[in-house]
Amino acid sequence: MEPLQLWGGVECTVNRVHDMFKDQLIATGHDRRPGDLRLFADLGMQALRFPILWERHAPDVPGIYDWSWTDSRIQELRELGMRPIAGLVHHGGGPRYTDLLDDGFAAGVAKFAADVAARYPFITDWTPINEPLTTARFAALYGHWYPHRSDEHSFWLALLNEIDATRLAMREVRKIQPAARLVQTDDLGRTYATAAVRDQAAFNNQRRWMAWDLLCGRVVPGHPFWIRLVRMGLQARLEAIAADPCPPDLIGINHYLTSDRFLDHRTARYPTHPSGRNNRISYVDTEAVRALQPPPPGLEIALRDAWDRYGIPLAITEVHNGCTREEQMRWTVEAWETARALRSEGMPIEAVTSWALLGNRGWDRLLVDEGGYEPGAFDLRCGVPRPTALAAVLKSLASGQEPHHPVLAGAGWWRRNIRLHHPVAHRPAQLREHRRSWPRLVRSEQGLLITGASGTLGRALAAECRHRDIAHVLTSRAELDLNDPESITRALERIRPWAVINTAGWVRVDDAEREPDACFAANAEGAERLAAACDALGIPTVDFSSDLVFAGRLGDPYVEGDGPAPLNVYGRSKACAENRISKLAGRHMIIRTAAFFSPYDAHNFAAHLVAALRDGRPFRAARDQVVTPTYVPHLCQAVIDLVIDDVWELRHLSNGTALSWADFGRALADACGLDGDLVEDCDGAELGWRAPRPDAVPLASSKGALLPPLHRAIEHFAAHLAPADSEPGRVAA
């Protein structure tokens, strides 16, 4: 058996919502960055699922093509030694002049395929229609995408049109390239259910195979869906397909952590989850991994099921996890190890495909409307593709080496109890599955060292590490004293961290005016002392600075290249620390941030405001001081991702929106359902602060916004706020 190959893919969906086409190649900027292909090749990929999409090449007039983009990219792919796997329709329904229910859809795809093959006769791998079953469900059964139908007949008609399009397209391609292979992809997962909904689960578990069953000519009398489709008037279509099948040469399994579903008739157990129904019973359809115990077997069983059913060689054609960095890495390595284990049993799995190499935009909203961005092996938020730690993992896998990163020693969220968002539903399974322990992907004795056990940020970073199963040590002054060089050395030698995040220091802005020496000793001298000691051991560090290093007279948001000009002692201490650490020779990250708020800590502006408004007390807030509030949980997520990615530079991190403290207070009140009229505007000078504050210090970044927008942060704050009668500073479980 040939070695396991690493393939890649760029999220390339062109879908239609009403009259608007949404193009992921435009959304991620890949269509205007030819240099991306070299980045992929440098990872060691042997093939790339490559979009030659009908909607992009002939958007307005059939047969009138613009080949310029594809010509240049295909030529570069060949020069780079990456084999293209040509995709012609990816979650779409064709250009504006057709759709999935159009009688001419299949012939249109076939004509386009013939023209593509004539232009690029050397292409041997083809996926004319990506995920036909999934696309038919989303467009014709659920109504998310054009033609926005929601009935079963439309669903089956759309699927049959896609299958005919695939058969006819491959017929045309093989006239030009007889060795052409059909690489047929679809999302594959199992449906589990309570006994009351077992018939619906059985239906779903049969339906999941229909695209491949049709292509293989299996939907004939005796097939579980034959009678159902015949009664819908589709017998002639089924007979024509069965008489001229087009079995895949390679079955592409796309399996996500949410692909396995669980149907539960006990809808009251899911108070915030919408329920659906068939013609007999209402039920909730949710992610099986979020409810079942033990968790579903997932990717391994999907591959086994497909091989047992068809006996056709397999590839894992999409591996992606929209999650934090280490979880993306863990999921990729787990998929690779699963493929290797099954290959050792003789199962012919050709490749594992890292999907969404550039991430995607809007899939959290199913591409129906604007959504968020999630990175892949490359992060686009800085304006150009920045390799993440996932890219290093892929490069290791492609070269036959074991990936090594300390965070791989943790278990993915899908292997831990944090995965359970709903009441547990026990899944019948063999005893070994109940007792199964998941091996760690790598062995590591190292963890992160986080200083500042008594501070908001230190505790929040430690909580984030616990949630992400990242080994760490949170130290207090008794364990690591920034003013004591020997204490620092002892702690570093004892803990042997792979990185240090320093959150210790002086935080009392007004008291610093009375005690400048103590403030400088903690924030500048101590921070430099720790960073220098880490340099000597080759350990990178993170330190935190503040918007108060600026004078507030710029008139525009401050970015990383703007020079500090602090107005108060605290700001001067942070600017001094920045200057001293930047002169060291090692790897150091400095994060400038501002105006912390969090529902998990009682000592911040937002918590004080909520406490006052809940009591019916007025709350004064400055109208003449502009800041960019920063939600601590979002900050911690971004910082740890940057550390994992080995990024060591000056960064501005905030939730991006500049507003006055008073306007921030009213936004918080509105989100929390409190009386915003109790927020009283005042001048900052009236609040009795000893330290002078700048008028406007909005933070922006020339390196990309890594945190979600402020309105999302405020929504999260309100959703996770402790009830009014709970212990202050605590969040109810």
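The values are calculated or read from the model by the stated rules, or taken from the named source; none is laboratory data. Computed from a predicted model, the values in this text were never measured in an experiment. Here the Cβ positions follow ideal geometry from the backbone for every residue, glycine too, while neighbour counts run over all protein chains shown.
Quick rundown of the values:
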{"read-out": "Identity of the residue in segment 558-614, modelled with pLDDT of 95 or more and acidic (D, E), that ends up surrounded by the most Cβ atoms within 10 Å (Cβ to Cβ)", "value": "E578"}
{"read-out": "Flag if V542 is closer than 22 Å to A463 by Cβ and either outside the structural domain of L687 (by TED's automatic domain parsing) or in contact with a Leu (Cβ under 9 Å, 6 or more places away or on another chain) (or both)", "value": "yes"}
{"read-out": "Among residues of segment 508-551, those that are within 24 Å of V697 (Cα to Cα), of a type in the set (A, V, I, L, M, F, W, C) and in contact (Cβ under 8 Å) with a residue 60 or more places away in the chain, counted", "value": "7"}
{"read-out": "Neighbours by Cβ (under 9 Å, 6+ apart or cross-chain): first from segment 236-256, outside the structural domain of R171 (by TED's automatic domain parsing); second hydroxyl-bearing (S, T, Y) and surrounded by fewer than 17 Cβ atoms within 10 Å (Cβ to Cβ)", "value": "none"}
{"read-out": "Single residue of V647, V639 found to be assigned to a loop (DSSP other than H, G, I, E, B) and assigned by TED's automatic domain parsing to the domain that holds D556", "value": "V647"}
{"read-out": "Qualifying positions in segment 12-51 - in contact with a Phe, Trp or Tyr (Cβ under 7 Å, 6 or more places away or on another chain), surrounded by 21 or more Cβ atoms within 10 Å (Cβ to Cβ) and not assigned by TED's automatic domain parsing to the domain that holds N130", "value": "V14, N15, R16"}
{"read-out": "Identity of the residue in segment 93-118, β-branched (V, I, T) and buried (at least 22 other Cβ atoms within 10 Å of the Cβ), that ends up nearest to T70 (Cα to Cα)", "value": "V116"}
{"read-out": "Residue match in segment 612-624 (condition: closer than 25 Å to A700 by Cα, in a loop (DSSP other than H, G, I, E, B) and either without any contact (Cβ under 8 Å) to a residue 24 or more places away in the chain or not hydroxyl-bearing (S, T, Y) (or both))", "value": "yes"}
{"read-out": "Considering residues of segment 222-244 that are part of a loop (DSSP other than H, G, I, E, B) and closer than 15 Å to W156 by Cβ only, the residue farthest from the chain's Cα centre (by Cα)", "value": "G233"}
{"read-out": "From the options L303, L358, L342, residue that is in contact (Cβ under 8 Å) with a residue 24 or more places away in the chain and either part of a loop (DSSP other than H, G, I, E, B) or more than 24 Å from M1 (Cα to Cα) (or both)", "value": "L358"}
{"read-out": "Candidates A669, A718, A713 - the one that is touching a residue at least 12 places away in the same chain (Cβ under 8 Å), part of a helix (DSSP H, G or I) and in contact with an Asp or Glu (Cβ under 7 Å, 6 or more places away or on another chain)", "value": "A669"}
{"read-out": "Matching residues in segment 62-76 - criterion: being within 24 Å of K111 (Cβ to Cβ) and surrounded by 14 or more Cβ atoms within 10 Å (Cβ to Cβ)", "value": "P62, Y65, W67, W69, T70, R73, I74"}
{"read-out": "Leading residue by the ranking (farthest from G44 (Cα to Cα)) among those in segment 397-452 that are polar (S, T, N, Q) and modelled with pLDDT under 90", "value": "Q430"}
{"read-out": "Breaking point among (1) of a type outside the set (G, A, S); (2) surrounded by 17 or more Cβ atoms within 10 Å (Cβ to Cβ); (3) touching a helix residue (DSSP H, G or I) at 6+ places or on another chain (Cβ under 6 Å); (4) closer than 23 Å to D695 by Cα, for D624", "value": "(2)"}
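Residue-by-condition table, conditions (1) part of a loop (DSSP other than H, G, I, E, B); (2) in contact with a Gly (Cβ under 7 Å, 6 or more places away or on another chain); (3) hydroxyl-bearing (S, T, Y); (4) under 30 Å from A398 (Cβ atoms):
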{"site": "G63", "(1), (2), (3), (4)": "yes, no, no, no"}
{"site": "I74", "(1), (2), (3), (4)": "no, no, no, yes"}
{"site": "L88", "(1), (2), (3), (4)": "no, no, no, yes"}
{"site": "Y97", "(1), (2), (3), (4)": "yes, no, yes, no"}
{"site": "A106", "(1), (2), (3), (4)": "no, no, no, no"}
{"site": "D115", "(1), (2), (3), (4)": "no, no, no, no"}
{"site": "I123", "(1), (2), (3), (4)": "yes, no, no, yes"}
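Okay, residues lined up against (1) in the same structural domain as T593 (by TED's automatic domain parsing); (2) crowded, with 17+ Cβ neighbours inside 10 Å; (3) at negative phi; (4) touching a strand residue (DSSP E or B) at 6+ places or on another chain (Cβ under 7 Å):
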position	(1), (2), (3), (4)
L653	yes, yes, yes, yes
G673	yes, no, no, no
L678	yes, yes, yes, yes
L687	yes, no, yes, yes
R693	yes, yes, yes, no
L710	yes, yes, yes, no
